[in-house]
1. Within the stretch 114-176, which strands (runs of 3 or more DSSP E) (wholly inside it) include 2 or more residues that are of a type in the set (Val, Ile, Thr)?
2. Are any residues in the stretch 75-88 modelled with pLDDT under 85 and surrounded by 14 or more Cβ atoms within 10 Å (Cβ to Cβ), and if so, which ones?
3. What number goes with the only condition from (1) open to solvent by 40 Å² or more (accessible area, probe 1.4 Å); (2) within 13 Å of the chain's Cα centre (by Cα) that Gly106 does not pass?
4. May I ask you to list pairs of residues, at least six apart or on different chains, whose Cβ atoms are under 6 Å apart, with the first in the stretch 83-95 being closer than 13 Å to Gly125 by Cβ and the second being part of a strand (DSSP E or B)?
Amino acid sequence: GLNPWLASGSLNNTFLSAFSSNSISYSKGLGPVNVSVLYALGGQVGNSSNDSTVSLGVTYGGPFTLSGSYMRENQLAASTKGVEKYSLGVGVPVGAATIKANYLVGKQFNAAGVEVNTLKMPGIGLDYKTSDKNTINVSYYSGRNTRVADDKANNWILSDEYAWAPNTTLYIQAAFIDAKAGADAMVSVLGNTSLVQNARTTVVNGGVRWNF
């Protein structure tokens, strides 16, 4: 299902922190453990470190699933950190379903390196395989900024993925975000997209994912 993209801030190199421009990634399976690393050039003229991204993820897939990740995005116009994100997750299979829970923390820093936003987003979800090729997901995330009063949002996600071919997946996703009076997009799954305060925002997208 759709993952929460926490604390994207005003950085441009990542789109909702799901896709990184100008990036190189590598993953390696070590038995039940999978390790993935990514580095994305910032794309800024004269300095590839500005607006760059580095991330690391580790997943254990045994009778249950454990995962952890770290991401750092540099400032748009400097090589100092602009955003740091941490996450921990667990998934437990129950028949055709998998119950999942995760906890994310995002920290945003200004140009002087001072932390200005601390964002927390616990979440819980359910994957259910309707067939060997099709999986539906329902997830809920509660986002809040501990440094700003009433900067909160409740996020509901519905998604469906169909394994069309061994390396090709079709997907459709819908996000429903109920934002409080002081909310901004950083406490929602929208990342750096506009969010309407004291209202519900609905976003629907779909696409094709290829694995090489």
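1. Values: elements: 115-129, 134-145, 152-165.
Counting at least 2 such residues, we get 115-129, 134-145.
2. First, the residues of the stretch 75-88 that are modelled with pLDDT under 85: 75-80.
Gln75, Leu76, Ala78, Ser79, Thr80, listed by residue number.
3. Failing condition for Gly106: (1).
4. From the stretch 83-95, the pairs are Gly89/Ser67; Gly89/Asn102; Val90/Leu66; Val90/Ala101; Gly91/Thr65; Gly91/Thr98; Gly91/Lys100; Val92/Ile99.
The values are calculated or read from the model by the stated rules, or taken from the named source; none is laboratory data. Bear in mind the structure is a predicted one, so any value in this text is a computation, not a measurement. For neighbour counting, all protein chains shown are included, and Cβ atoms are generated from backbone atoms with ideal geometry for every residue, glycine included. Each accessible area value is taken on the protein alone, full model and side chains, heavy atoms only, with ligands, DNA and RNA left out. Shrake-Rupley method; radii C 1.70, N 1.55, O 1.52, S 1.80 Å.
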